[in-house]
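The values are calculated or read from the model by the stated rules, or taken from the named source; none is laboratory data. Nothing here was measured: the structure is a model prediction, and the numbers come from that model. Virtual Cβ from ideal backbone geometry, glycine too; neighbours counted across all protein chains shown.
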Amino acid sequence: MVAAAGRGERLRSPENKAFAALAGRPLVSYALDVFRACRRVREIVLVVAPEDVERARKELLHPGGLKSERVVAGGRERQESVAAALGEISLGCDVVVVHDGARPFVKPEVIHRCIEAAAEHGAAIAAIPATDTVKEAGPDRVVTATFDRSRIWLVQTPQAFRRDLLARAHDAAAQAGICGTDDAYLVERLGHAVQLVMGDPDNVKITYPADVRRSEQMMQWNREGMSGQAPTRTGIGYDAHRFAEDRPLILAGVRLREERGLLGHSDADVVCHALCDALLGAIGAGDMGQHFPDSDPNYTGISSLSLLERVSGMMRGQGWEIENVDAVVIAEEPRIAPHLPDMRRALARAMGTEAARVNLKGKTTEGMGFTGRREGIASQAIAVLRPRDNSRAGASSEE
C-alpha cells in the first residue's frame, strides 16, 4: 500500500500531499510508478484524503494493467489510514508492504529486499545506518545523553510484514489506544522481532518546501549527468505468431476482426510484443520471456497493451522516457493503413507518451516466406529513449 492521506501542512502546498507538485507531477505518482514496475507486487492500494478519492481514481490509477489498483479514504492519523487499507487488501496477499507516498525516490531493489526479509522473518523495514553523532536533549536543549551511533539506524519506508502479523499489531494498538509513529513500532509492541534491511540514502521524505527544491535540483542533476554519459538508449524488438481460427486479431492494441487471429499465450499482439522487447532492450532488462513467461497462467489471454504499460513503467522507473519508437507490421493481410491513427494512439497511451513519438507502418514480403504464404504476422520495432524530463510528465498522448 502507498499511504498518501496527509494534508501536507508543513509542505505549504495548496493541494493535499498526494497531489503536491514535484517537477510538474503529483508527488505520490513517482512511488506508484516504482511499485507498478516491481514484479513481486501483485496489487496496489493507494490511501488518500477522503476528499481526494475520486480525483485519485481518475488521475493516478492505471486501470487495466497487470496489477489490481484501488483507492481508499484515509483517516486523520497515518495509523488509521494503514488500517483502512489493510481491509482492502486481497486475502491472498501474504506479505503487505507499507510505503510513504512522500518518498518518491524509492528503488525496486529496496522493495524487493523488504519483501524477502518479511517473508522470512515476518517483519522488515528499510533503514540506513546513522553517519552523524546522535545526542539526546531535554526541552531546554541541553544534552542529556550521547548514543553509540554504530547501533543507530534511520528508518525509512517501505516496511513489509506478514499480513496476519500486521493486522494483529493494528488491532492490539487500537484496543490499547496506542498511536505509533510507524507500523514497525506496533509490531514491536507484540514482542515480534523486526528485521532491518539496507535502505537507500536517496530515499528521502518530502516534508518541507525546501525538500521539494532540493529534490527537483537532484532530479535535474541526475538528468544532466545521465545526458552527459548517454544521451540516448536504443533497443530493438521482434515477434511473430501464426494465424489461428476462432481468435480475435489484435494488432497494436486495436481489434481488427474476430474469425482469424493469432495464436499465443496472451492476445498475441505482435506489435506490442516487439515494442516491449525494444524497450526492455534499451534499458538492459532482458526480454518478455523473462518477465511474462508463457508458463505463467496469470498471463493467459492478457491484453498485450497492459504488458506494454508495465514495461513502460519499468522504463520510467529507471529514469528514461521515449524519444521515439518505430514499428513495422509484416503481413500480406490485413491492411492496417485505415487503423493507423487508432493504433498509434493506443500504443502512445500504453507507453505514456505522445502519439507524435510513435510511428507504425505495414509491409508485405510480396509472397515470400511464412508471412507471404499468409501463415502468420511478424513485427519489428526500435525504441530510442532519452533521460526522463519530469517537467513534461502528464503530456497528452493524443495527436
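Test residue 70 against the stated conditions and say whether it is under 23 Å from residue 111 (Cβ atoms), buried (at least 16 other Cβ atoms within 10 Å of the Cβ) and not aromatic (Phe, Trp, Tyr).
yes
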Among (1) at pLDDT below 90; (2) within 16 Å of the chain's Cα centre (by Cα); (3) basic (Lys, Arg), the one test that residue 7 misses: (2)
Exactly one condition in (1) of a type in the set (A, V, I, L, M, F, W, C); (2) crowded, with 18+ Cβ neighbours inside 10 Å; (3) in contact with a His (Cβ under 9 Å, 6 or more places away or on another chain) is not met by residue 249; state its number. (3)
Residue selected from segment 69-82 under the condition outside any loop (DSSP other than H, G, I, E, B) and touching an Asp or Glu at 6+ places or on another chain (Cβ under 9 Å), by the criterion nearest to residue 159 (Cα to Cα): 82
Unmet criterion (only one of (1) hydrophobic (A, V, I, L, M, F, W, C); (2) in a loop (DSSP other than H, G, I, E, B); (3) at pLDDT 95 or above) for residue 285: (3)
From the list 168, 214, pick out the single residue that is surrounded by fewer than 19 Cβ atoms within 10 Å (Cβ to Cβ), out of contact with any Lys or Arg (no Cβ under 6 Å at 6 or more places or on another chain) and at pLDDT 95 or above. 168
Subset of segment 319-370 (residues that are over 14 Å from residue 272 (Cα atoms), surrounded by fewer than 17 Cβ atoms within 10 Å (Cβ to Cβ) and polar (S, T, N, Q)): 324, 364, 365
So for segment 59-67 (the condition being free of Cβ contacts under 8 Å to residues at least 24 places away in the same chain and under 21 Å from the mean Cα position of the chain (by Cα)), does at least one residue qualify? yes
Got at least one residue in segment 84-100 being part of a loop (DSSP other than H, G, I, E, B) and under 26 Å from residue 202 (Cα atoms)? no
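If you check residue 128 against the conditions, is it closer than 24 Å to residue 212 by Cα and touching a residue at least 40 places away in the same chain (Cβ under 8 Å)? Full working, then the answer.
Details: closer than 24 Å to residue 212 by Cα: yes; touching a residue at least 40 places away in the same chain (Cβ under 8 Å): yes.
In short, yes.
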Would you check if there is a residue in segment 373-390 being of a type in the set (S, T, N, Q), at pLDDT below 90 and touching a strand residue (DSSP E or B) at 6+ places or on another chain (Cβ under 9 Å)? yes
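So which of 61, 66 ends up being assigned to a loop (DSSP other than H, G, I, E, B) and in contact with an Asp or Glu (Cβ under 6 Å, 6 or more places away or on another chain)?
61
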Going by what's in this entry, would residue 6 be described as assigned to a loop (DSSP other than H, G, I, E, B), assigned by TED's automatic domain parsing to the domain that holds residue 176, under 18 Å from residue 105 (Cβ atoms) and not acidic (Asp, Glu)? yes
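Out of everything in segment 106-138 that is among the charged types (D, E, K, R) and over 20 Å from the mean Cα position of the chain (by Cα), what residue ends up being nearest to residue 206 (Cα to Cα)? Please lay out each step first, then the result.
Residues of segment 106-138 that are among the charged types (D, E, K, R), as a first pass: 107, 109, 113, 116, 120, 132, 135-136.
Within this subset, residues satisfying the condition of being over 20 Å from the mean Cα position of the chain (by Cα) are 120, 132, 135-136.
Details: 120: 31, 132: 21, 135: 24, 136: 24 Å.
By that ranking, first place goes to 132.
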Go through (1) in contact with a Pro (Cβ under 9 Å, 6 or more places away or on another chain); (2) crowded, with 20+ Cβ neighbours inside 10 Å and name the single condition residue 82 misses. (1)
